[in-house]
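K.L.:
Sharing a structure with you now.
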Amino acid sequence: MKNNQAKKWIDQLVEKILFLMALLSASFIVIVVLVIIERGLSPFISDNDGLGQVNLLRFLTGIVYLDGPTFLSNAYGIGYLIISTLYIALLSLLIAMPVSIFSALFIAKIAPKFLGNTLRTITEILAAIPSIVYGLFGAGVILDLVYNLSLLVGVQSSAGFSVLSTVIVLAIMIIPTMTVIAEVAIRAVQNELIQGSLALGATPTQTNFKVVLASAKSGIFTAAILGVGRALGEATAVSLVAGSRRSGISFALFETTATLTSTMLQGMKETVGLDYTIRFSIGLVLMVIILLVNFILNFVKSKVGRVHV
Amino acid sequence: MNMQLKKGTLFASLAVILAACGTTVSSSSASSIASSTTTSVAPAFTTTNNIVLYTRDTTSGTRDGFMGGIGFSAAAKNDNLLTDGFLIADNTAILTAMSGSDKYGIGYVSLSSLNNNVKGLKFNNVVASEDSVLDNSYGLKRPFNWMLRADGDFPSETVEDIAKAFVAFMVTIEGEDTIVGAGAVALEATQRWDDIKANYPVCNQDNTAVTVRFGGSDSIEKVAKAVTASFKPRCGNFVAEHEHTGSGDAYKRTNDPANKDTAVGKDVGFASRNFTDAEKKVGDVALPSAQYGQLAWDAIVAIVHKDNPLLNVNADILKRMYEKDSTNPIRTWAEALTAEAAL
C-alpha cells in the first residue's frame with residue numbers, strides 16, 4: 001500500500017518535471033518571437049530619435065534599400081529583397097529537388113546494400129556541415145566558376161557575385177538535407193506494394209517511378225518544405241556570394257543580388273539606432289514569409305500528397 | 001534512327017552556340033590591349049568592358065576615408081548616390097576579387113592591407129607607401145588627431161596626468177607599434193616608453209579606481225581602443241571608457257563650453273580630419289598647441305587587377321567612376337585610360 005503511494009508520487013513528480021521542461025522550451029520560442037515583434041515594430045510606431053516613422057507601405061514595396069544616408073534617413077525599402085529571396089529559394093529548390101529525389105531513390109531502393117549504407121552516411125554527414133563551410137566553398141570555388149562562365153557567354157558578371165552563384169551554393173547546401181528526409185520516406189514504402197507492382201509485370205524502373213515515388217510523395221514534400229526553409233533562412237553562405245545588392249530586382253542569373261537575411265547581416269556589428277533596429281523589422285518580415293511559404297506548401301502537400309496507387 | 005537524328009541536331013545546335021560564343025570573344029579581344037606588367041605573355045585586357053565598382057558598406061571607416069578623400073563625402077553613408085551595379089564587399093572580398101576573379105573591378109583598401117597580388121594605383125602620380133604618407137606627398141589619406149581638455153579642467157589631477165601620459169605614449173615606439181597593428185600609419189617615433197615614463201609618475205601608482213573618458217571619431221575607435229588597451233597596464237590599470245560618436249564631438253565634448261561639462265564630456269577626443277580654425281579656439285582664445293596633435297595617418301589605396309593597364313588616378317577620376325549622377329561619368333576602362341592620359 002505504502003509502496004504504491006510512493007510510486008504514484010514519483011509518477012506525479014516526473015510528470016511535473018517534464019511539464020516544466022516543455023514549458024521552458026516553449027517559452028523560449030515565445031520570448032524570441034515577442035522580442036523580435038517588439039523591436040521589429042518599433043521603427044514603424046516610434047519617431048526613431050527624430051528621424052520620423054518608417055513608412056510601412058514603402059518598407060514592404062520599396063526597391064531601394066535605403067534612399068538617403070545611413071543614420072540620417074528613415075526611407076527603407078525591402079520589397080525587392082522579398083522578391084529576390086523567394087526567387088532564389090525557388091530556383092535552388094528547382095535544382096535541388098530532382099537531384100535529391102533521384103539520389104534518395106538510388107540510395108533507398110537501387111544501390112547494393114554496402115554502397116547504399118556508405119552513401120547514406122555521407123549524405124548525413126553533408127547535411128550536418130555548417131552553412132559557413134558551404135559559403136566558403138562558394139566564395140573560393142563557385143565565384144570563379146560562375147565568373148568564367150559569364151565571360152564565356154559574353155556577359156560581364158561582377159567577380160561571380162550573382163544570382164547563379166547564390167542558387168548553386170544554396171542548392172548544394174540543401175541537397176543533403178532533402179536527400180536524407182526523402183530517403184527515409186522512400187525506404188518506408190511498403191514492400192508489398194513494390195512486389196505487387198512487379199508481379200503485375202511492371203519493370204523495376206516503372207515500379208520505382210510510378211509506385212515508390214508516388215507512395216513517398218508526402219515525405220518528399222516534407223523534404224522540400226525543409227529545404228525551402230533552409231534556403232530562405234540562410235544568411236552567412238548567401239552573404240559571401242550574393243554581392244549585397246542595394247536596389248532593384250534582379251532576375252538575370254549573372255546580376256548581383258541580396259536576400260532578406262544577407263541584408264540583415266551586412267554591417268550588423270557596426271551599426272546603431274534605426275539602422276540596427278530595422279534589421280529586426282526585416283527579421284519579422286522574414287518570419288511572416290517563412291510561415292506563409294510553409295502554410296502554402298503544406299496546403300499543396302495535403303492536396304497532392306494523397307496516395308492513389 | 002530517329003534517336004540518332006535527334007542527337008545529330010542537338011550536337012549541331014551546340015556547335016552553333018559554341019561558335020557564337022567564340023565570335024563574341026574573339027571580336028571583343030580585337031580591341032584588347034596588352035597589360036603593362038612585365039610578364040612575357042601579357043594577358044589580354046578588354047578596355048571596352050565596364051568598370052565594376054567595389055565598395056565597403058556604409059558602416060566602414062575606410063569607406064568614410066575614401067569617399068572623403070575623393071571629394072564625395074555624401075556617399076560615405078549613402079549607397080544610393082553610387083553608380084548602379086556596384087558591389088558591397090568586405091576588405092578580404094575586395095582583395096580576393098582584385099587578385100583573381102575580377103579583372104575589371106576597382107576597389108579600395110587601407111594601406112595596411114595592400115598586398116602584392118593586386119595593383120595599388122598611384123594617386124596624383126605618387127605611389128602609396130608608408131614613406132609617401134609620412135612625407136605628405138601621398139594625398140588619399142586623412143589625419144588621425146587628438147585633443148585634450150584645458151589644463152586644470154579635468155575631473156581630477158590624476159585624470160589629467162594620465163591623459164597627458166597617454167598622449168605622450170601614443171608617439172613612442174610601443175604606442176606606434178600598436179597603432180600600426182590596428183591598421184593606421186603611425187608617425188615616426190624615436191623614443192621608447194621606458195625612456196620617458198619617469199616624466200609621468202602618475203603611472204607608477206595604482207589607478208584602478210580612475211576612469212578616463214575617450215571619445216570623438218568612430219573611425220579612430222579601433223585604433224584608440226588598441227592604444228588604451230596597450231597603455232593601461234603601463235599606467236596603473238586605469239579604466240578607459242570609450243564612446244565614439246564622430247569627429248565633430250572631439251572638440252565639442254572636450255572644450256566646447258556648452259558640452260564639455262555635461263554627461264557626455266570627454267577627457268581625450270579624437271578626430272579623423274584636421275581640426276577647423278573654429279575648433280582650435282574657445283571663444284576668442286586660441287587653444288595652446290600642446291592641447292591637440294596628430295597620432296597617425298589613415299591612408300587608403302585604390303586597387304585594380306594586375307592585368308589592368310591603369311596606373312595613376314586622382315580624386316576626380318575616382319569620383320567620376322563612383323558617382324551615379326556625375327556630369328562627366330567614367331563607366332568603361334577605355335574612358336578611365338583616356339582620363340588618365342589627360343592627367
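Quick note: the coordinates plus some simple rules give every number you see, no bench work behind them. Since we're looking at a predicted model, the values are computed, not measured. Virtual Cβ from ideal backbone geometry, glycine too; neighbours counted across all protein chains shown.
K.L.:
Counting only C-alpha contacts under 8 Å and six or more residues apart, can you give the relative contact order of chain B as a whole percent?
P.N.:
Details: 622 pairs, mean separation 89.8, N = 343.
Dividing the mean separation by the residue count of chain B yields 26 percent.
K.L.:
Additional query: Running a GNM on chain A with Cα contacts under 10 Å, which residue among A:PRO204, A:PRO69, A:PRO43 ends up with the highest mean-square fluctuation?
P.N.:
A:PRO69
K.L.:
Residue farthest toward the positive end of the dipole of region A:23-120, with Cβ of Lys/Arg at +1 and Asp/Glu at -1: which of A:VAL99, A:PRO69, A:GLY79?
P.N.:
A:VAL99
K.L.:
Let me ask something else. Amide H of B:GLU323 versus every other amide H placed in the peptide plane: which residues, excluding those fewer than 5 positions away on the same chain, fall under 5 Å?
P.N.:
B:THR83
K.L.:
Let me spell out the model: positive unit charges on the Cβ of Lys and Arg, negative unit charges on the Cβ of Asp and Glu, origin at the Cα centre of region B:111-173. What dipole size does that give, in debye rounded to 20? Working shown, then result.
P.N.:
Values: 6 positive and 8 negative charges, 117 e Å.
It works out to roughly 560 debye.
K.L.:
Right, here's the next one. Rounded to the nearest 5, what is the percent of antiparallel bridges among the DSSP beta bridges in the protein assembly as shown? Don't jump to the answer; show the numbers that get you there.
P.N.:
Working: 30 of 45 bridges.
Percent antiparallel among DSSP bridges in the protein assembly as shown is about 65.
K.L.:
Rounded if a/c is under 1.5, else prolate if a/b beats b/c, else oblate: with a ≥ b ≥ c from the C-alpha gyration tensor eigenvalues square-rooted, which is chain B?
P.N.:
Prolate.
K.L.:
Also: Would you please put B:192-199, A:70-77 in order of how densely packed they are, using the mean number of other Cβ atoms within 10 angstrom per residue and starting with the highest? Let's see the in-between values first.
P.N.:
Values: B:192-199: 13.0, A:70-77: 18.8.
Top to bottom by mean Cβ count within 10 Å: A:70-77, B:192-199.
K.L.:
How would you order B:264-275, B:90-101 from highest to lowest mean count of nearby Cβ atoms within 10 Å? Mind dumping the intermediate values first?
P.N.:
Details: B:264-275: 22.8, B:90-101: 20.1.
Ranking the peptides B:264-275, B:90-101 by packing returns B:264-275, B:90-101.
K.L.:
Filter chain A for me: DSSP H helices, axial length by Cα at least 30 angstrom, mean Kyte-Doolittle hydropathy not below -1.0. List them by residue number.
P.N.:
Details: long enough: A:2-45 (63 Å, 1.02); A:79-105 (39 Å, 2.03); A:163-187 (34 Å, 2.09); A:274-304 (44 Å, 1.61).
Taking the DSSP H segments of chain A (at least 30 Å long, mean hydropathy at least -1.0), we get A:2-45, A:79-105, A:163-187, A:274-304.
K.L.:
Follow-up question, since we're still on this one. Would you please name the chymotrypsin sites (Phe, Trp or Tyr not before Pro) within region A:162-264 that are DSSP coil residues with at most 14 other C-beta atoms within 10 Å of their C-beta? Working shown, then result.
P.N.:
Numbers: sites: A:PHE209, A:PHE221, A:PHE251, A:PHE254; in loops: A:PHE251, A:PHE254.
Filter output for region A:162-264: A:PHE251.
K.L.:
List the trypsin sites (Lys or Arg not before Pro) in region A:200-309 that DSSP assigns to loop (not H, G, I, E or B) and whose Cβ has at most 10 other Cβ atoms within 10 Å. Which are they?
P.N.:
Working: sites: A:LYS210, A:LYS217, A:ARG230, A:ARG245, A:ARG246, A:LYS269, A:ARG279, A:LYS301, A:LYS303, A:ARG306; in loops: A:ARG245, A:ARG246, A:ARG306.
Qualifying residues, ordered by number: A:ARG306.
K.L.:
Something else: For n ≥ 4 DSSP H runs only, could you compute -39500 (n - 2.57) per run for chain B, divide by its residues and tell me the 222 nm figure to the nearest 500? Mind dumping the intermediate values first?
P.N.:
Working: 11 runs with 108 residues, N = 343.
One gets -9000 deg cm²/dmol as the mean residue ellipticity at 222 nm.
K.L.:
Next question, about the same structure. Please name whichever of A:ASN4, A:LEU34, A:PHE19 sits farthest to the positive end of the charge dipole of region A:2-45, dipole taken about the Cα centre and charges placed at Cβ: Lys and Arg +1, Asp and Glu -1.
P.N.:
So the residue we want is A:ASN4.
K.L.:
Over its Cα atoms, what ratio of radius of gyration to 2.2 N^0.38 Å does chain A give? Could you put the intermediate results ahead of the total?
P.N.:
Values: Rg = 24.1 Å, N = 309, 2.2 N^0.38 = 19.4 Å.
Scaled against compact globular proteins, the figure is 1.24.
K.L.:
Return the whole-Å distance between the Cα centroid of region A:72-89 and the Cα centroid of region B:203-282.
P.N.:
Cα centroid of region A:72-89 versus Cα centroid of region B:203-282: 39 Å apart.
K.L.:
Tell me which residues come under 5 Å, amide H to amide H, from B:LYS281 once H is placed; ignore anything under 5 positions away on its chain.
P.N.:
The list, which skips near neighbours in sequence, is B:LEU287.
K.L.:
Next question, about the same structure. Sorting A:THR261, B:THR190 on the 10 Å Cβ count, fewest up front, what's the list?
P.N.:
On the way: A:THR261 23, B:THR190 8.
Arranged by neighbour count, lowest to highest, A:THR261, B:THR190 become B:THR190, A:THR261.
K.L.:
Same structure, new question: Name the residue, out of B:ALA240, B:ALA263, B:ALA75, whose mean-square fluctuation peaks in a Gaussian network model built on chain B with Cα pairs under 10 Å.
P.N.:
B:ALA263
K.L.:
OK, next. So what is the 222 nm mean residue ellipticity for chain A from helices alone, if each DSSP H run of at least 4 adds -39500 (n - 2.57) and you divide by all residues, rounding to the nearest 500 deg cm²/dmol?
P.N.:
Working: 13 runs with 208 residues, N = 309.
Calculated at 222 nm, the ellipticity per residue is -22500 deg cm²/dmol.
K.L.:
Whole-Hz ³J(HN,Hα) for each residue in region B:103-119, computed from phi via Karplus 6.51 cos²θ - 1.76 cosθ + 1.60 with θ = phi - 60°, x for glycine and proline: what do you get?
P.N.:
These are the phi-based 3J(HN,Hα) values: 5, 9, x, 9, x, 8, 9, 6, 3, 5, 9, 5, 10, 7, 7, 10, 9 Hz.
K.L.:
Amide H neighbours of B:VAL52 under 5 Å, counting only residues 5+ apart in sequence or on other chains, H built in-plane at 1.01 Å?
P.N.:
Amide H to amide H, under 5 Å and 5 or more residues apart or across chains, B:VAL52 pairs with B:GLY105, B:ILE106.
K.L.:
Please list 3J(HN,Hα) in residue order for region B:247-252, calculated via the Karplus relation 6.51 cos²θ - 1.76 cosθ + 1.60 where θ = phi - 60°; whole Hz, with x for glycine and proline.
P.N.:
My calculation for region B:247-252 gives 4, x, 7, 4, 7, 3 Hz in order.
K.L.:
Give me a comma-separated list of calculated 3J(HN,Hα) values for region B:87-94, in order, Karplus coefficients 6.51, -1.76, 1.60 applied at θ = phi - 60°, integers in Hz, x for any Gly or Pro.
P.N.:
10, 8, 9, 8, 3, 5, 5, 5
K.L.:
Apply the membrane-span-like helix rule to chain B: whole DSSP H runs, Cα extent along the own long axis of at least 18 Å, mean Kyte-Doolittle hydropathy at least -1.0. List the helices found.
P.N.:
Details: long enough: B:2-29 (41 Å, 0.74); B:157-170 (20 Å, 0.76).
Span-like helices, by this rule, are B:2-29, B:157-170.
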